[in-house]
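The values are calculated or read from the model by the stated rules, or taken from the named source; none is laboratory data. What you are looking at is a predicted structure, and each value in this text was computed from that prediction instead of being measured. In this analysis, Cβ positions are derived from the backbone assuming ideal geometry, glycine residues included, and neighbour counts consider all displayed protein chains. Areas reflect the complete protein model, heavy atoms only, side chains present, ligands, DNA and RNA absent. Shrake-Rupley method; radii C 1.70, N 1.55, O 1.52, S 1.80 Å.
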Amino acid sequence: MSNRTELDKLGEFGLIDHITKDFKNTQESTVYGIGDDCAVIDAGDKYTLITTDMLVEGVHFNLMYAPLKHLGYKAVVVNLSDIYAMNGDANQITVSIAMSNRFSVEAIDELYSGIRTACELYNVDLIGGDTTSSQSGLVISITAIGEVKKDEIVYRKGAKENDLIVVSGNLGAAYMGLQVLEREKEVYKENPEMQPEMEGVDYVLERQLKPEARKDIIHFLKDMSILPSSMIDVSDGLASELIHLSKASGLGMTIYDEKLPIDQETFNVARDFNLTPATCALNGGEDYELLFTMSQDYFEKLKGNQHFAIIGHVTDENCTVNIVEKNGTIQELKAQGFTHFNEGEN
Ligand code: ADP
Ligand code: MG
């Protein structure tokens, strides 16, 4: 009899639960450990926020179409996004890389020029890391460190019944960018002489290759004196993140298809690929927008603001996340992100 359990049986979240279930926090300074966008540590006056993310060649990026400079930039941004998702500000990063001798010094310089650009733009210091060789592809692991005032921290939990559900920017563009890149890769493989068809897709490509973290949104909210009741960043797709907020808060959510913010170019590209734009917005992922809930008292402050879309509201303790379609039918949302162990994607 064999005792082997395949990884895809558990899935990413099942595996994290499985490996962490026997660990107990004992340090007084550990305010919050596993389960949110960042770990939270008591630092006296404030909380320190820590988050880490790893990008693996062939799983998270493909060097056939992701320029190294952009990759370095994106690797930083995806970590900072988790700090902003706690309503915090990012201060430092560490960067660890593993690479094979397929990479030249010039290639690593390119990667680091992207990392440097992100450090300058988001005002974070590179304070350490680790460098090692790899037998296969490139691996980049970044840790970001930030801080937040104790009374301003926002967790995934904390949503209240009747709160409004709000998302920044727009959704689905990065996913459409990925579809365009995959298409062009296939065309290139078939015929390297073919010119890539890149007209009218600049925005979706930029959202895929060089995303931004929404530090600006955290500042807008502060300026308007809006404190969200719960928040998460959209990395795996809106549907998956709504389910996280819903589970963490023990409440259900209802969103409206017609309220989903979708950019016109994203809409057009989705249609070119015979995809439903709303499905791309719900399940695409890598948007790095902020999804939060807030009291209805803030409605007047946010109403009409172009940076935000109010997409629904928090319901009761049944914990289901529903979407109301344009024709009025109601469907329960199921997460479709995180397929790491069965498709080698995401
Ligand atoms: P995010 O999508 O915001 O980056 P993840 O889904 O990667 O968050 O992780 C969920 C939670 O599980 C986080 O709190 C993270 O720190 C924790 N986690 C992930 N992998 C591990 C691991 N191998 N060991 C311990 N904790 C982990
Ligand atoms: Mg996150």
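Results for (1) without any contact (Cβ under 8 Å) to a residue 40 or more places away in the chain; (2) more than 17 Å from LEU111 (Cα to Cα); (3) outside the structural domain of LEU178 (by TED's automatic domain parsing); (4) open to solvent by less than 30 Å² (accessible area, probe 1.4 Å), shown as yes or no for each residue.
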| residue | (1), (2), (3), (4) |
| --- | --- |
| PHE13 | no, yes, yes, no |
| ASP22 | yes, yes, yes, no |
| GLY35 | no, yes, yes, no |
| ASP42 | yes, yes, yes, no |
| LYS46 | no, yes, yes, no |
| VAL59 | no, yes, yes, no |
| PRO67 | no, no, yes, no |
| TYR73 | no, no, yes, yes |
| ASN87 | no, yes, yes, yes |
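When the test is whether a residue is within 16 Å of ligand 1 (Cβ to nearest atom) and either assigned to a strand (DSSP E or B) or crowded, with 16+ Cβ neighbours inside 10 Å (or both), ILE93 passes it. Just one of the numbered conditions (1) under 29 Å from LEU238 (Cβ atoms); (2) open to solvent by 60 Å² or more (accessible area, probe 1.4 Å); (3) within 16 Å of ligand 1 (Cβ to nearest atom); (4) among the basic types (Lys, Arg) is not true of LYS9; which one? LYS9 satisfies every listed condition except (3). Scoring ASP263 on the criteria (1) modelled with pLDDT under 95; (2) surrounded by fewer than 24 Cβ atoms within 10 Å (Cβ to Cβ) leaves a single failure, condition (1). Consider the stretch 279-299 and keep the residues that are under 18 Å from the mean Cα position of the chain (by Cα) and assigned to a helix (DSSP H, G or I). The one that is nearest to LEU178 (Cα to Cα) is CYS280.
Residue pairs whose Cβ atoms lie under 7 Å apart, separated by 6 or more positions or on different chains, with the first residue in the stretch 96-110 and open to solvent by less than 30 Å² (accessible area, probe 1.4 Å) and the second in a helix (DSSP H, G or I), are ALA107/LEU68. A single member of ILE127, ILE115 is open to solvent by less than 10 Å² (accessible area, probe 1.4 Å) and either modelled with pLDDT of 95 or more or within 16 Å of ligand 1 (Cβ to nearest atom) (or both), and it is ILE115. Annotation for the stretch 137-146: at least one member residue is assigned by TED's automatic domain parsing to the domain that holds ASN91, more than 27 Å from VAL314 (Cα to Cα) and more than 16 Å from ligand 1 (Cβ to nearest atom). Here ALA75 clears all of (1) within 16 Å of ligand 1 (Cβ to nearest atom); (2) over 16 Å from the mean Cα position of the chain (by Cα) except the condition numbered (2).
For the stretch 245-258, a residue qualifies if it is assigned to a loop (DSSP other than H, G, I, E, B) and on the phi < 0 side of the Ramachandran plot, and the qualifying residues are LEU251, GLY252.
Might you let me know whether the stretch 302-310 holds any residue that is loosely packed, with under 13 Cβ neighbours inside 10 Å and at pLDDT below 95?
yes
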